[in-house]
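Structure first, then comments.
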Amino acid sequence: MTTATTAHQLPDLLPDLDWIADPLRVGRLSQDFAWFSPVLKRDLAGKRGDIAVRPRTEEEIRQVVSACASAGIPITVRGSGTGNYGQSTPLHGGVILDLSGYNAFGWVRGSVGHAQAGIRLADFDTQAKPHGQELRWLPSTYRSATLGGLFGGGFGGAGSINHGPLAAPGNVLAVRAMTVEAEPQIIELRGPEAMVLHHTYGTNGIVLELEVALTPAVEWTECIATFDKFDAALEFADRFGSAPGLEKKEVCFLAAPIPQYFTSLAEHLPADHHAVLVLVAPHSEAGMRDMVAQHGGSVTYCKTADEVASSHKTLLEYTWNHTTLHALKVDKGLTYIQSGFNPMHRLKQVKALEAALGGEVMMHLEFLRTKEGAFNCSGLQIIRYTTEERLNQIMQIYRDHGVQINNPHVYIVEDGKQNNLDPAVVSTKQRFDPQGLLNPGKLRSWVPPAKATIAATPATTSADPEPQTA
């Protein structure tokens, strides 16, 4: 039987589960925000799953995984589909395993929280705050993004200025994961071992539950500071971000003309001005305002936590990759890149690249701590897209300035943020997914055992390797 035929027979085998067979709904569940990239939009066109399922219990997940493993059906694990790299798009059909219904909150014990992978980050925070705790990082998609999705394909977000990205030691404490076998096993991974499943697009294990470190909850004040000079805005953002006595959760630098894409905030964003969006603790607001004034800027917008809650509008949803989304709503001819600066030379690099590419590349920086603890900035620069060749040239110019590029225009794990893939990622896939059914085609380094054996024999060592298939 073909993969498609076998996949479509699963509802007959497991009739009590929530199956989704409608082609339009399956098509939507086969996509994420990869359309931010004209390259991914082209390369992933027409790729989709055959059927989707939304389990709500561990037993239902086990039944689906067991059936797929027995029949050799590919599985693509999905949260809310807020990623940007085509993680949710199957290359070889099969089942979309939508874990958004597996979303129970577990517990908070001291400064540690536990929940199922499908819980939305906003719901997790709501549950944690009565305990005086909150998540250490919130991506701009926190209202819809899931905890498992952030772990599988995300980086960090607001709060990374204090705690670094998810990958920083001590942020993710443990994961509970399921193997893809006819008799699935449940395995708990703790500490560094758990991080082998991080940012691998669900290619090497199905994460069911996570245990994460939390931080004391703060009623954050949200402000915008504007400046008429690029260097003044940049230097304020850097100085405020690194000021140890001023407590903050987010510092986002947006060079002109990016603020003009925020049409709903237009009254607070003077034309041709650069903006810095901040979340600051109430007791640090006065110090932040003094620093703005010292750099010749003005605070044009300020809301208390209560005002933010009552308005249902937060500046978080103008930062990180929401910045790109707002820009694309105005101009669909834009795209973006992701960059990591050298902590020792960050401002020099930023200024040099602004001088070299200003106008074609619009500078958007998120200030944070690296996973090693150094204060730094990471870029989500907005690009006026012309051709793929020029896009690659721009990324090379960044590299030539000593800036790391995490290419968001590729869907292979090794070609994106996993620039130097840890061999443990591949060995973990062998442990959790021996048939290679999880999101096949996204992890280049993994070779099915049968093919690896064939490739090792003298008679075939000169042959071209087979492409990875389901």
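Answer yes if at least one residue in segment 402-421 is on the phi < 0 side of the Ramachandran plot, in contact (Cβ under 8 Å) with a residue 12 or more places away in the chain and over 21 Å from the mean Cα position of the chain (by Cα), and no otherwise.
no
Output the number of the condition that ASN171 fails; it satisfies all remaining conditions of (1) closer than 25 Å to THR221 by Cβ; (2) in contact (Cβ under 8 Å) with a residue 60 or more places away in the chain; (3) of a type outside the set (A, V, I, L, M, F, W, C).
All conditions are met except number (2).
Evaluate the following for VAL108: is it in contact (Cβ under 8 Å) with a residue 12 or more places away in the chain, surrounded by fewer than 18 Cβ atoms within 10 Å (Cβ to Cβ), out of contact with any Lys or Arg (no Cβ under 9 Å at 6 or more places or on another chain) and hydrophobic (A, V, I, L, M, F, W, C)?
Working: in contact (Cβ under 8 Å) with a residue 12 or more places away in the chain: yes; surrounded by fewer than 18 Cβ atoms within 10 Å (Cβ to Cβ): no; out of contact with any Lys or Arg (no Cβ under 9 Å at 6 or more places or on another chain): yes; hydrophobic (A, V, I, L, M, F, W, C): yes.
No; evaluated as a whole, the condition is false for this residue.
Looking at segment 176-201, which of its residues are out of contact with any Gly (no Cβ under 6 Å at 6 or more places or on another chain), surrounded by 15 or more Cβ atoms within 10 Å (Cβ to Cβ) and more than 20 Å from VAL64 (Cα to Cα)?
Within segment 176-201, LEU189, ALA194, MET195, VAL196, HIS198, HIS199, THR200 qualify.
Among the residues in segment 40-63, are any over 18 Å from THR89 (Cα atoms), in contact with a Pro (Cβ under 9 Å, 6 or more places away or on another chain), buried (at least 21 other Cβ atoms within 10 Å of the Cβ) and touching a residue at least 24 places away in the same chain (Cβ under 8 Å)? Outline the logic, then answer.
Here is the first cut: in segment 40-63, the residues over 18 Å from THR89 (Cα atoms) are 55-63.
Of the ones still in play, those that are also in contact with a Pro (Cβ under 9 Å, 6 or more places away or on another chain) are 61-63.
Now narrow it down to the ones that are buried (at least 21 other Cβ atoms within 10 Å of the Cβ): 61.
After this cut, where a residue has to be touching a residue at least 24 places away in the same chain (Cβ under 8 Å) as well, the list is 61.
Within segment 40-63, one or more residues are over 18 Å from THR89 (Cα atoms), in contact with a Pro (Cβ under 9 Å, 6 or more places away or on another chain), buried (at least 21 other Cβ atoms within 10 Å of the Cβ) and touching a residue at least 24 places away in the same chain (Cβ under 8 Å).
Regarding ALA256, is this residue surrounded by fewer than 16 Cβ atoms within 10 Å (Cβ to Cβ) and over 19 Å from LEU138 (Cβ atoms)? Walk me through how you get there before you give the answer.
Values: surrounded by fewer than 16 Cβ atoms within 10 Å (Cβ to Cβ): no; over 19 Å from LEU138 (Cβ atoms): yes.
Taking the combined requirement at face value, the residue does not satisfy it.
A quick yes/no check of all residues on (1) of a type outside the set (Asp, Glu); (2) touching a Ser or Thr at 6+ places or on another chain (Cβ under 6 Å); (3) crowded, with 22+ Cβ neighbours inside 10 Å; (4) more than 16 Å from LYS229 (Cβ to Cβ):
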position: LEU246; (1), (2), (3), (4): yes, yes, no, yes
position: CYS252; (1), (2), (3), (4): yes, yes, yes, yes
position: PRO282; (1), (2), (3), (4): yes, yes, no, yes
position: ALA305; (1), (2), (3), (4): yes, no, no, yes
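Can you name the condition, by its number, that THR226 falls short on among (1) farther than 18 Å from LEU316 by Cα; (2) over 24 Å from the mean Cα position of the chain (by Cα); (3) touching a residue at least 60 places away in the same chain (Cβ under 8 Å)?
(1)
So that you can scan it fast, the table gives a plain yes or no per residue for (1) acidic (Asp, Glu); (2) free of Cβ contacts under 8 Å to residues at least 60 places away in the same chain:
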| residue | (1), (2) |
| --- | --- |
| ALA217 | no, no |
| GLU222 | yes, no |
| SER242 | no, no |
| ILE258 | no, no |
| TYR261 | no, no |
| GLU267 | yes, yes |
| ALA271 | no, yes |
| HIS274 | no, yes |
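Among the listed residues LEU357, LEU315, identify the single one that is within 20 Å of PHE155 (Cβ to Cβ), among the aliphatic types (A, V, I, L, M), at pLDDT 95 or above and in contact with a Phe, Trp or Tyr (Cβ under 9 Å, 6 or more places away or on another chain).
Details: LEU357 fails: within 20 Å of PHE155 (Cβ to Cβ).
Checking each option against the conditions leaves just LEU315.
Restricting to segment 195-240, name every residue that is of a type outside the set (Val, Ile, Thr), within 30 Å of ASP98 (Cα to Cα) and in a helix (DSSP H, G or I).
Restricting attention to segment 195-240, the residues satisfying the condition of being of a type outside the set (Val, Ile, Thr) are 195, 197-199, 201-202, 204-205, 208-211, 213-214, 216-217, 219-220, 222-223, 225, 227-240.
Now drop any that are not within 30 Å of ASP98 (Cα to Cα), which leaves 195, 197-199, 201-202, 204-205, 208-211, 213-214.
Passing the criteria: MET195, LEU197.
Does PHE151 satisfy being in contact (Cβ under 8 Å) with a residue 40 or more places away in the chain, buried (at least 18 other Cβ atoms within 10 Å of the Cβ) and within 15 Å of the chain's Cα centre (by Cα)?
Working: in contact (Cβ under 8 Å) with a residue 40 or more places away in the chain: yes; buried (at least 18 other Cβ atoms within 10 Å of the Cβ): yes; within 15 Å of the chain's Cα centre (by Cα): yes.
The answer is yes for PHE151.
Within segment 267-281, which residues are touching a helix residue (DSSP H, G or I) at 6+ places or on another chain (Cβ under 8 Å) and either outside any loop (DSSP other than H, G, I, E, B) or under 14 Å from LYS248 (Cβ atoms) (or both)? Spell out the reasoning first.
So in segment 267-281, the residues touching a helix residue (DSSP H, G or I) at 6+ places or on another chain (Cβ under 8 Å) come out as 269, 271, 273-280.
Selection gives HIS274, ALA275, VAL276, LEU277, VAL278, LEU279, VAL280.
For segment 212-244, give me the residue count where each residue is closer than 19 Å to ALA355 by Cα and surrounded by fewer than 24 Cβ atoms within 10 Å (Cβ to Cβ).
Total meeting the criteria: 7.
Do we find that HIS364 is within 30 Å of GLU235 (Cβ to Cβ) and over 19 Å from the mean Cα position of the chain (by Cα) in this structure? Reasoning before the result, please.
Numbers: within 30 Å of GLU235 (Cβ to Cβ): yes; over 19 Å from the mean Cα position of the chain (by Cα): no.
Spelling it out, it is not the case that HIS364 is within 30 Å of GLU235 (Cβ to Cβ) and over 19 Å from the mean Cα position of the chain (by Cα).
Check segment 111-125 and report whether any residue there is closer than 14 Å to TYR411 by Cβ and aromatic (Phe, Trp, Tyr).
Looking only at segment 111-125, we keep the residues that are closer than 14 Å to TYR411 by Cβ, and these are none.
There is no residue in segment 111-125 that is closer than 14 Å to TYR411 by Cβ and aromatic (Phe, Trp, Tyr).
Tell me, which strands (runs of 3 or more DSSP E) wholly within segment 341-428 include 2 or more residues that are of a type in the set (D, E, K, R)? Step through it out loud before you land on a result.
Values: elements: 364-369, 375-379, 382-384.
Once the strands (runs of 3 or more DSSP E) in segment 341-428 are filtered for at least 2 residues that are of a type in the set (D, E, K, R), what remains is 364-369.
Do the conditions hold for SER284, that is, is it assigned to a helix (DSSP H, G or I), free of Cβ contacts under 8 Å to residues at least 40 places away in the same chain and not β-branched (Val, Ile, Thr)?
On the way: assigned to a helix (DSSP H, G or I): yes; free of Cβ contacts under 8 Å to residues at least 40 places away in the same chain: yes; not β-branched (Val, Ile, Thr): yes.
Against the criterion (assigned to a helix (DSSP H, G or I), free of Cβ contacts under 8 Å to residues at least 40 places away in the same chain and not β-branched (Val, Ile, Thr)), SER284 qualifies.
If you go through segment 321-347, how many residues are over 26 Å from THR263 (Cβ atoms), surrounded by fewer than 18 Cβ atoms within 10 Å (Cβ to Cβ) and either in contact with a helix residue (DSSP H, G or I) (Cβ under 9 Å, 6 or more places away or on another chain) or not hydrophobic (A, V, I, L, M, F, W, C) (or both)?
Keep residues of segment 321-347 that are over 26 Å from THR263 (Cβ atoms), which gives 339-347.
So of that shortlist, the ones also surrounded by fewer than 18 Cβ atoms within 10 Å (Cβ to Cβ) come out as 342-345, 347.
After this cut, where a residue has to be either in contact with a helix residue (DSSP H, G or I) (Cβ under 9 Å, 6 or more places away or on another chain) or not hydrophobic (A, V, I, L, M, F, W, C) (or both) as well, the list is 342-343, 345, 347.
The total comes to 4.
Residue by residue, here is whether (1) modelled with pLDDT under 95; (2) under 30 Å from ALA309 (Cβ atoms); (3) in contact with a strand residue (DSSP E or B) (Cβ under 7 Å, 6 or more places away or on another chain) holds:
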| site | (1), (2), (3) |
| --- | --- |
| THR57 | no, no, no |
| GLY94 | no, no, yes |
| GLY113 | no, yes, yes |
| PRO130 | no, yes, no |
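Can you tell which of THR146, THR226 is assigned by TED's automatic domain parsing to the domain that holds GLU285, at pLDDT 95 or above and in contact with a helix residue (DSSP H, G or I) (Cβ under 8 Å, 6 or more places away or on another chain)? Talk me through it step by step, then tell me what you get.
Working: THR146 fails: assigned by TED's automatic domain parsing to the domain that holds GLU285.
Just a single option satisfies the conditions, and that option is THR226.
The values are calculated or read from the model by the stated rules, or taken from the named source; none is laboratory data. Quick caveat, the model's predicted, so the values are computed rather than measured. Every residue, glycine among them, receives a Cβ derived from its backbone with ideal geometry; neighbour counts consider all protein chains shown.
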